[in-house]
Amino acid sequence: MAEIVQFDRVSKRFGGTIALNGVSFSIREGEVHAVIGENGAGKSTLMKILAGVLQKDSGKIFVGGSETVFRLAGDAQREGISTVYQEPHLVPHMTVAENVFLGREPIKKLGWIDFNTLNARTQEILAQLELAISPTTTLADLSSADIQLVQIARAIAFSTKILILDEPTASITGRETEILFSLLKKLNAKGLTIVYVSHRLKEIFELCHRATVLRDGKYVATVDVEKTNEREIISMMVGREVEETLAVPNEKRNTAVSLELRDISVSESAIPVRNVSLKVRKGEIVALAGLVGSGRSDVAKAVFGLNRISAGSIHVHGERVNIKSPGDAIRRGISFVPEDRKSEGLIPIQSIKHNISLTGLKLLARLGFINGSSETNLARTSSAQLSIKSSSEEAEVSTLSGGNQQKVVLAKWLWLKPTILILDEPTRGIDVGAKSEIHSLITNLAKNDVAVLLISSELPEVLRLADRIYVMRDGTITGELQRSEASQESIMHLAALGKQETGGI
Amino acid sequence: MKEPRFGIRVNFRVMSMILILAVMWIFFRLQVGDFYFSGESIAKLSRDMVSWTILAAGMTLVIISGNIDLSVGSLLSVVAASAALMMNPEYGPGWSANVAVPIALSIGTALGLLQGTLVAYFRIPSFIVTLGGLFIFRGITQKISEFDPRVPAGNWVVSLGFDYVPHETAYLVIAAFVLLLAVVLIISRRNRLQMNLPSWNIPALTGILFVAAAVLALLVMKMNEYKGIPNQTVVMVIVLIVLHVISKQTTFGRHLYAIGGNTEAARISGIKVERKVVAVFALMGFLAGVAGIVWMAQNQGSTKNGGQYYELYAIAAAIIGGTSLMGGRGTIFGTFLGGLVMATVIQGMDYTNLENWLQLVVRGSVLVLAVGLDIMAKNPPLWARRLQHKVWKQSPPTPSTAEKH
């Protein structure tokens, strides 16, 4: 197979940080090539350079054998390189067809847009991809998985030779991933070269031919996926052997109940919650599993005072409480790590220090005046405890990698020393190393008597950490599983069908 | 990545503004002659910027919180007109300033509070609410100011507009100020050292204090050559210092930055977003009141069109000073420099006898240039990057994510 892309000693720095350090490898025509590494390893930077969004500082890139310099995203597109980013780069209020042709609309005389051709050609493209999406649907009405597929349609609509996918499965469910993969396999069979950036090793083994591992901006190795295994790749990514710590069974059945929901309903939330009852004991990790959109986050938000409950009651340490605002919840010793760190968890344009202290500024202040040294001290100790990697506590959070950003979110909630901790997707979109650090952190918190309510879409994570599991579907709890009886199958059964697989309890 | 030393961020915008100021000062000095750096010219410069720089300081906090207040010019005139009417014996009750001023300030605060409530609890965008306020308050001013009431002479309020700080008192005040600064710096140093954080060393600390004292003493000396520091300048300086401290050192200030930076994250972090928004608009109303009183004193009464376009001067000063219209970023010190840039342009052009229409053109151009160049330097548009590439025949630098402001 011919080499379609060659990186030759590509380097890139951002201020004092070296993002890429002399990376050389090549991608063969017609293969699915995975680029993997922890967050901050330089994968996204490298892909952005290939797509022309960023410029390299030194080194060469050859596409189809000749050296190329892309200064703009348009330059790369003309060479047949298209990118699908993690977050959709589309206009929500336009139709699917308008989005597919955005910026290259077919035009009639006098500059009018030819909507008939636009819709017809989009229909053709969608039909080729065997996607059941109508060209005239408004994008905002589609699910996030369908939006992902529309992005791919847009990317390959115009003589694309190389398709770059940057973590395309970060915000979609397992089933949707399957649809995406079958589409990608079909496109690859037709000769499209695919560069696939992901953290999820399972996907790489399912989809890719070869994988290149980057670590700390450096090239580590390129391996044939068939000839390697997860363990080997992880150790290349992390630079050391990672021990898959199997959680110690920690069944705390007799400790006091820290958080109890009795038959609560929430009507004002995005997904209405009906008659949810659950208990979390001191030192216990309880998972709330279920598919995206089953109402898990809405339960958490109700406990945290972001939504009012319309029926039922919430009890904290045995006392019935009326939580009207996040402030009330914080005063009761509850911390909440929200699902989306960029839109809910952090203030990206502010420093690590200001983000961490925000939850408890009053504790650092006297008569409303903040004690600056205590604040800096807090930021430094927290950063050290959670090993947040940054140049200093004054660094803007938006400049950190996903894993470090998530650690900042954790830090801002943990220094309040909560007795109840609600975690909503605490490891979404972060690298293996940070993930295992966060897992052991959660286990340690539970050992120190914190009651943890864990919401997660990743079943391995749930199975590894949770002492008990509640499964939700359509805004209500469909079952409760003990650690001993839980498996991916039994959870999925409750999540998708709403009943126990076999007799069970 | 630029790293601030000991929490003091020397940012690009501040440096470029100081450069712009220096260039303008030299230019006007060459145009105007000796008079330009005289005590009189400096005192007048500091005096003329007072009313809208006070507005700009409040505006900075409003914009940091992710809102805007277009009504401040009209709000200023409502307060000025009602204070003047209350003190005027002919058309109004002829109350003393001790009664009229607090009432007028409360009116300003209440109107700000009302607008804030509409923004926070009724979810009407601040642009709409305060655009409405701009018209409504102007209308009310025209009614209150029907007969353009004058303020009787011999009132302490009038002295606010015309008198100067006695020469010796001025030196005492700056001595006290430098002493206060010293105490604050020393306490902060002690606290930082106790927690093993890096801090200023003693020579640097002494140096800073010495430079501050020297600059201030020089300014006072210069202004004392004329009549001294105008009283209103003192009002402005107090407002600026208080707002600087609020924005940097208090939980309220930090909450405003958080709300403007990411409202949802702020809410989840336990901040009562609505209350803070109401509070910042109320504070803006109060400051519009203060500016209104100063303006009234300057004009010894009120007119129907007092403070017109001041909202735009205030916004311009804040933006030139580096406040982001997207919310979450901005400093009072920057706004002060922005106000100084505006005042320098306006005053300088007056001295050079530029025609009025041209003055407006220049004012507008300075705004677009000062802000535009700064933004372009940080994040060059594509055509500029291409041009740069053509000219230098090399890979152009890309904006690094670390240096976003």
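The rows are residues; the columns are (1) of a type in the set (S, T, N, Q); (2) at the interface with another protein chain (Cβ under 10 Å from one of its Cβ atoms).
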| site | (1), (2) |
| --- | --- |
| B:M236 | no, no |
| B:H244 | no, no |
| B:T250 | yes, yes |
| B:H255 | no, yes |
| B:I259 | no, yes |
| B:S269 | yes, yes |
| B:R275 | no, no |
| B:M284 | no, no |
| B:G292 | no, no |
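Among the residues in the range A:289-308, are any touching a Lys or Arg at 6+ places or on another chain (Cβ under 8 Å), among the small types (G, A, S) and in a helix (DSSP H, G or I)?
yes
Among the candidates A:G318, A:G333, single out the residue that is within 15 Å of A:L421 (Cβ to Cβ) and either within 14 Å of chain B (Cβ to nearest Cβ) or in contact (Cβ under 8 Å) with a residue 60 or more places away in the chain (or both).
So the residue among A:G318, A:G333 that is within 15 Å of A:L421 (Cβ to Cβ) and either within 14 Å of chain B (Cβ to nearest Cβ) or in contact (Cβ under 8 Å) with a residue 60 or more places away in the chain (or both) is A:G333.
Within the range B:320-342, can you find the residues that are of a type outside the set (S, T, N, Q) and more than 14 Å from chain A (Cβ to nearest Cβ)?
Hits for the range B:320-342 are B:I320, B:G321, B:I332, B:F333, B:G334, B:F336, B:L337, B:G338, B:G339, B:L340, B:V341, B:M342.
Please pick out the residue among A:T122, A:T169, A:T173, A:T160 that is surrounded by 19 or more Cβ atoms within 10 Å (Cβ to Cβ) and out of contact with any strand residue (DSSP E or B) (no Cβ under 9 Å at 6 or more places or on another chain).
Step by step, each of A:T122, A:T169, A:T173, A:T160 is checked, and only A:T169 is surrounded by 19 or more Cβ atoms within 10 Å (Cβ to Cβ) and out of contact with any strand residue (DSSP E or B) (no Cβ under 9 Å at 6 or more places or on another chain).
Take the conditions more than 29 Å from the chain's Cα centre (by Cα), modelled with pLDDT under 85 and in a helix (DSSP H, G or I) and apply them to A:L118. Does it pass?
No, not satisfied.
All but one of (1) within 14 Å of chain B (Cβ to nearest Cβ); (2) surrounded by fewer than 22 Cβ atoms within 10 Å (Cβ to Cβ); (3) of a type in the set (G, A, S); (4) within 28 Å of A:G42 (Cα to Cα) hold for A:A379, so report the exception by its number.
(2)
Can you tell me which residue among A:L46, A:L110, A:L54 is within 28 Å of the chain's Cα centre (by Cα) and either at pLDDT below 85 or outside any helix (DSSP H, G or I) (or both)?
A:L54
Considering only the range B:15-133, give the helices (runs of 4 or more DSSP H) lying wholly within it that have at least 3 residues that are surrounded by fewer than 16 Cβ atoms within 10 Å (Cβ to Cβ).
Hits in the range B:15-133: B:97-121.
Counting only residues that are within 16 Å of A:L261 (Cβ to Cβ) and either crowded, with 20+ Cβ neighbours inside 10 Å or among the acidic types (D, E) (or both), how many does the range A:437-477 have?
Taking the range A:437-477 first, the residues within 16 Å of A:L261 (Cβ to Cβ) are A:451-455, A:468-472, A:475-477.
Narrowing further to those that are either crowded, with 20+ Cβ neighbours inside 10 Å or among the acidic types (D, E) (or both): A:451-455, A:468-472, A:475, A:477.
Residues that pass the stated criteria total 12.
Only one residue in A:I349, A:I330 is in contact with a Gly (Cβ under 6 Å, 6 or more places away or on another chain) and at pLDDT 95 or above, so which one is that? Break it down stepwise before answering.
Details: A:I349 fails: at pLDDT 95 or above.
The unique qualifying residue is A:I330.
Within the range B:242-256, which residues are surrounded by 22 or more Cβ atoms within 10 Å (Cβ to Cβ) and of a type in the set (D, E, K, R)?
B:R254
Can you confirm whether the range B:168-178 contains a residue that is touching a residue at least 60 places away in the same chain (Cβ under 8 Å) and either of a type in the set (S, T, N, Q) or not in a helix (DSSP H, G or I) (or both)?
No, every residue in the range B:168-178 fails to be touching a residue at least 60 places away in the same chain (Cβ under 8 Å) and either of a type in the set (S, T, N, Q) or not in a helix (DSSP H, G or I) (or both).
I need the strands (runs of 3 or more DSSP E) fully contained in the range A:183-230, keeping only those with at least 2 residues that are surrounded by 21 or more Cβ atoms within 10 Å (Cβ to Cβ).
Numbers: elements: A:193-197, A:210-215, A:218-224.
Hits in the range A:183-230: A:193-197, A:210-215.
State the number of residues belonging to the range B:348-397 that are more than 14 Å from chain A (Cβ to nearest Cβ), in a helix (DSSP H, G or I) and at pLDDT 75 or above.
Within the range B:348-397, residues that are more than 14 Å from chain A (Cβ to nearest Cβ), in a helix (DSSP H, G or I) and at pLDDT 75 or above number 24.
When the range A:358-376 is examined, which residues are found to be over 30 Å from the mean Cα position of the chain (by Cα), surrounded by 15 or more Cβ atoms within 10 Å (Cβ to Cβ), in a helix (DSSP H, G or I) and at the interface with chain B (Cβ under 8 Å from one of its Cβ atoms)?
Matches in the range A:358-376: A:G372, A:S373, A:S374.
Looking at (1) of a type outside the set (D, E); (2) away from chain B (no Cβ under 14 Å); (3) assigned to a loop (DSSP other than H, G, I, E, B); (4) buried (at least 21 other Cβ atoms within 10 Å of the Cβ), which is the only condition A:I27 fails?
Going through (1) of a type outside the set (D, E); (2) away from chain B (no Cβ under 14 Å); (3) assigned to a loop (DSSP other than H, G, I, E, B); (4) buried (at least 21 other Cβ atoms within 10 Å of the Cβ) one by one, A:I27 breaks only (3).
Filter the range A:17-43 down to the residues that are of a type in the set (S, T, N, Q) and farther than 15 Å from A:S401 by Cβ, then identify the one that is nearest to the chain's Cα centre (by Cα).
That would be A:N21.
Can you tell me which residues in the range A:86-101 are at pLDDT 80 or above and either surrounded by 17 or more Cβ atoms within 10 Å (Cβ to Cβ) or closer than 22 Å to A:L192 by Cα (or both)?
Across the range A:86-101, the qualifying residues are A:L90, A:T95, A:V96, A:A97, A:E98, A:N99, A:V100, A:F101.
Where residues in the range A:317-342 are in contact with a strand residue (DSSP E or B) (Cβ under 6 Å, 6 or more places away or on another chain) and not in a loop (DSSP other than H, G, I, E, B), which of them is farthest from B:N262 (Cα to Cα)?
Across the range A:317-342, the extreme among qualifying residues is A:R320.
Look through the range B:134-146, keep the residues that are within 26 Å of the chain's Cα centre (by Cα) and buried (at least 23 other Cβ atoms within 10 Å of the Cβ), and return whichever of them is nearest to B:G285 (Cα to Cα).
For the range B:134-146, the residue satisfying everything is B:F137.
Quick one: would you say B:A288 is assigned by TED's automatic domain parsing to the domain that holds B:L240, in contact (Cβ under 8 Å) with a residue 40 or more places away in the chain and closer than 23 Å to B:A120 by Cβ?
So B:A288 passes the test.
Looking at (1) over 23 Å from A:R296 (Cβ atoms); (2) buried (at least 19 other Cβ atoms within 10 Å of the Cβ), find the lone condition where A:S398 falls short.
Failed condition: (2).
Please go through the range A:382-425 and pick out each residue that is facing chain B (nearest Cβ under 9 Å), modelled with pLDDT under 95 and under 30 Å from B:R190 (Cα atoms).
A:S391, A:S392, A:E394, A:A395, A:E396
Quick check, is B:R150 over 23 Å from the mean Cα position of the chain (by Cα) and free of Cβ contacts under 8 Å to residues at least 12 places away in the same chain?
no
Condition first: assigned to a helix (DSSP H, G or I) and over 15 Å from A:I152 (Cβ atoms). Now tell me which residues in the range A:62-96 satisfy that.
A:A73, A:G74, A:D75, A:A76, A:R78
Since A:E284 meets every condition but one in (1) farther than 30 Å from A:A145 by Cβ; (2) of a type in the set (D, E, K, R); (3) surrounded by fewer than 24 Cβ atoms within 10 Å (Cβ to Cβ); (4) in contact with a strand residue (DSSP E or B) (Cβ under 7 Å, 6 or more places away or on another chain), which condition does it not meet?
Tallying (1) farther than 30 Å from A:A145 by Cβ; (2) of a type in the set (D, E, K, R); (3) surrounded by fewer than 24 Cβ atoms within 10 Å (Cβ to Cβ); (4) in contact with a strand residue (DSSP E or B) (Cβ under 7 Å, 6 or more places away or on another chain), A:E284 fails exactly one: (3).
The values are calculated or read from the model by the stated rules, or taken from the named source; none is laboratory data. Since we're looking at a predicted model, the values are computed, not measured. Note: ideal-geometry Cβ built from the backbone for every residue, glycine included; neighbour counts use all protein chains shown.
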